[in-house]
Amino acid sequence: MAALFYILAAISVISALTVVGARNPVNSVIALVVCFLSIAGHYVLLNAQFLAMVHVIVYTGAIMVLFLFVIMLLNLNKPGGPRKSLAMRLAAAVAGGLLFLTLAAAVRQGVAITPAAGFDPGVGLVRHVGQVLFTEFLLPFEVSSVLFLSAIVGVVMLAKKDKDEAPDPHITGPERARRTA
Amino acid sequence: MTLATALFLLVLFVVTLTVAAYSTYAERKVAAFLQDRIGPDRAGPFGILQPLADGTKMFMKEDFIPAAANRRLFTLGPAIAMITALMTGVVIPWGGELTLFGETFRLQGTDPEIGILFVFAIVSIGVYGIMLGGWASNNKYALLGSVRAASQMVSYELGMGLSIVALVMLNGTLSLGGIVEHQAAHGWNIIYQPLGFIIFLVCAFAETNRSPFDMPECETELVGGYHTEFSSMKLGFFLFAEYTNMFISSAVISTLYFGGYHVPGLDRLGLDPNLTTLIGTAAMFAKTFFFIFFFMWVRWSTPRFRFDQLMNLGWKGLIPLGIANVLITGTVYHLAELWKG
Amino acid sequence: MSDLRPLTTRSRVVSDKRMTLMERIYLPAMVAGLLITIRHFFRRKPTVRYPEQERPRPAVYRGRHVLKRDEKGRERCTACGLCAVACPAEAISMVADERKPGEEHLYREEKYARIYEIDMLRCIYCGLCEEACPKEAIFLTDRLVKADRERMPFVFGKDELVEPMDPARRIDVSGRQTAAVRTFKQNPRYAHNR
């Protein structure tokens, strides 16, 4: 099990670095997919199978597909993207350095990371997750679903056709006349 | 992993490949018979060696990679398609318990608690094979094919998921083995979930890219769709993956809605448990083969949908129906509980 | 428009009206389609498995040609070239030669075809050569030209066209050489029959 963990951890770290480092955006996306899959592997190691599968279905199977979709259609052939000016690069280096510093400080001063006492192997199983979700965390769960609902409604509003748009080209003849009248 | 499991997985692998290979033969035979022809009959008696001949031909062809293609992704595409197609068979219960040499084996690779979600997850990864293969070809038809594949898969996964939700509510488990056992105890799910079954079936056609939803390939519009630029065994892998997917979805349909390896009334006959298991496995395969035939039957009977019709059907038809199905199932289930007291 | 009658009894007027609910469900139409195809599934197949089975051919079938010999085994063809002239596909070519003394048992007349070739890939099997022939030498038969992988074997020379000398292995052309054909060929109205 420990060996498996180290292999998965190595894959996650390497693929995460590839996401940032890859020149070709499609390669980045693939690296991110690999990263997500290895994280799902970590979930399985923690016996959180439900979380692992939902993670794969939602992130790898849906969100990353859409990412890939967009990148394919954008056709970003030029590697590296547009050249940045010196000032931009300098600013990026400073900002990144500061972030790194903050993180390092936080980790150094932060609480010692200790494994949670008495890990319950059953905590990630569907039955348990469901019970916790619908009792202890019912309110946050419902609130987040309302959030999703509003997102759906928003998308429908954006995608909705205007009334005075050209009629459906597939409808011709008298039916078209009837509808335009 | 014990030796028995390893052996079982090996057998499963070989069986899956054989069934996929013979599905190509069956496809041609079924197509021929539905069109008043007799189909391939030259390689061996009744042409049963045809898959071997086809496979040999595939291997002998030149393995061509277009100059402008992304070589690595071009190779990765068919590999992903094939691997994901072969992975799902592991969680499907192919039979009950078999007692050999004093030990009991289950005819199932593994029965995780989230079996059906595992199938879903793998299927949703499978679309990468098509997308990467199509994009890496650097061909507009291939790109269109892969874009269609992606949007079709994402759209129909929702409808399929909703039909599963109702089923899971009824069965109280996500494990495929558990679902079969529940059906053995309470009757097949098709009785309780006819609407869910139809939604699932339609979505299964879309997810496996089979006609009438074979938009990603779509010979008449997109040359060959995502596999336009592929040749030799890379093309073979894509085609093989399609047939493997068909086999697996047929098995999943039989498992979820038609009792899997359960044969009504078989356990009352008082047969030897091993024999019962074997008959159950045979029944499972019979159900699966029927659905493979059904897939082919539909392919050679119906014209292809237009892409906007496909999207309309998925988003405006199946998803609302799926939601309604979940609501109805929940209500009826609850009322039944109340009535029982 | 209205006086145009449909060509078949199955023609339907295509309408672009909005689909009804039943039509939008698609399933009834699909089930109907499936029922149609499954009936074909069990139907008898009309396929003829060619090399093993052959479709019966009529006696007047126009297939592979034969160059006939007369009753004494002499070649009837006199290399007049009328068949080549008549041929719309220009598939026939020949080289004439003079009969030497001592060859009377081989050739019926003083002139004969030393080379006679028909390109079976050009031939359209119309039978005009047969009609043009004044000597009743060339006939189309109900034999088929075998398939091949190359082109040259389809240029049939005299070795493949002339029928064997052996009376038992003569090619029967009675299907096409009917009484009507005989009287036509011997009609003294035509110069070559006088």
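Laboratory data are not the source of any read-out in this text; all were calculated from the coordinates shown. Keep in mind the model is a prediction, meaning the values are calculated, not measured. Ideal geometry is used to build each Cβ from the backbone, glycine not excepted, and the neighbour counts take in all protein chains shown.
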Let me know the charge dipole size of the protein assembly as shown about its Cα centre in debye, to the nearest 20, where only the beta-carbon of Lys, Arg (+1) and Asp, Glu (-1) is charged.
2080
Along Cα→Cβ, 7 Å out, is where each label goes; now give me the distance between the ones at B:ILE48 and C:ARG114 in nm to one decimal.
6.1
In region C:76-113, the GluC sites (Glu not before Pro) that sit in a DSSP loop and have at most 16 other Cβ atoms within 10 Å of their own Cβ are C:GLU90, C:GLU103, C:GLU104, C:GLU109, C:GLU110
Nearest-0.05 FRET efficiency for A:ILE71 and C:MET152, computed from C-beta distance (R0 41 Å):
0.15
Excluding C:ALA86 itself, calculate the net charge of residues whose Cβ lies under 11 Å from the Cβ of C:ALA86, where each Lys or Arg counts +1 and each Asp or Glu counts -1.
-3
Just B:ARG37, B:ARG299, B:ARG71 to compare: in a GNM of chain B, with alpha carbon springs under 10 Å, which one fluctuates most?
B:ARG37
Stokes-Einstein translational diffusion, region C:1-136 - Kirkwood Rh over all Cα pairs, 1.567 mPa s, 4 °C, in µm²/s:
60
Taking all pairs of distinct alpha-carbon atoms in region C:65-193, Kirkwood radius in angstrom
15.3
Using a 7 Å offset from Cα along Cα-Cβ at A:ASN27, what residues in region B:61-102 end up with backbone N under 18 Å from the label point?
B:68-77
Can you list, largest first and rounded to whole Å, the semi-axes you get for region B:3-340 by taking the square root of 5 times each eigenvalue of its Cα gyration tensor?
34, 26, 19
Would you tell me the mean number of C-beta atoms belonging to other protein chains that fall within 10 Å of each C-beta in B:143-152, as a whole number?
2
To the nearest 20 debye, region B:3-340 has a Cα-centred charge dipole, built from +1 on Lys and Arg Cβ and -1 on Asp and Glu Cβ, of 600
In region C:140-166, which residues have a backbone nitrogen under 18 Å from the label point lying 7 Å from C:GLU131's Cα in the Cα-to-Cβ direction?
C:140-141
Taking 30 Å as R0, compute the FRET efficiency from the Cβ-Cβ separation of A:ALA93 and A:LEU17 and round it to 0.05.
0.95
Label points 7 Å out from Cα along the Cβ direction at B:ALA31 and C:LEU121: separation in nm?
2.9
At most 10 other Cβ atoms within 10 Å and a DSSP loop assignment: could you name the chymotrypsin sites (Phe, Trp or Tyr not before Pro) in region C:1-92 that fit?
C:PHE42
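What is the gain in length, in nm to one decimal, between C:ALA59 and C:ARG143 on full extension, counting 0.36 nm per residue of separation less the C-alpha to C-alpha distance?
The span from C:ALA59 to C:ARG143 would gain 29.2 nm if fully extended.
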Span-like helix ranges in chain B, DSSP H, alpha carbon extent 18 angstrom or more, Kyte mean at least -1.0
B:3-34, B:71-87, B:115-136, B:140-171, B:194-207, B:232-257, B:273-299, B:319-340
By how many degrees, between 0 and 90 and to the nearest 10, does the Cα long axis of helix C:27-41 differ from the longest principal axis of chain C?
30
Just subtract the alpha-carbon distance of A:GLN109 and A:ALA151 from 0.36 nm times their residue separation and send over the number in nm, one decimal.
11.2 nm
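Chymotrypsin sites (Phe, Trp or Tyr not before Pro) within region B:17-96: which are DSSP loop residues with at most 14 other Cβ atoms inside 10 Å?
B:PHE64
Computed FRET efficiency, Cβ-Cβ of C:ILE36 and B:ILE198, R0 25 Å: what is it to the nearest 0.05?
0.75
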Using a 4.7 Å cut-off between beta carbons, which cysteines in chain C end up with no partner cysteine at all?
C:CYS77, C:CYS80, C:CYS87, C:CYS123, C:CYS126, C:CYS133
For B:LEU327 and B:THR104, calculate 0.36 nm times their separation in residues minus their Cα-Cα distance, and state this gained length in nm to one decimal.
76.2 nm
log10 of Debye I(q)/I(0), alpha-carbon scatterers only, for region B:153-222 at 0.14, 0.17, 0.27 Å⁻¹:
-0.50, -0.66, -1.15
Report, please, the projected area of the protein assembly as shown averaged over directions, based on the convex hull of its C-alpha atoms, in nm².
55.2
Which entries in the list C:LYS68/C:LYS158; B:LYS140/B:LYS316; B:LYS61/B:LYS234; B:LYS29/C:LYS146 go over 19 Å, if you measure between the two C-alpha atoms of each?
B:LYS140/B:LYS316; B:LYS29/C:LYS146
If amide H atoms are built 1.01 Å from N in the plane of the peptide, which residues on other chains or at least 5 residues away come under 5 Å of the amide H of C:LYS111?
C:ARG99
How far apart, in nm, are the 7 Å Cα→Cβ label points at B:ALA79 and B:MET169?
4.3
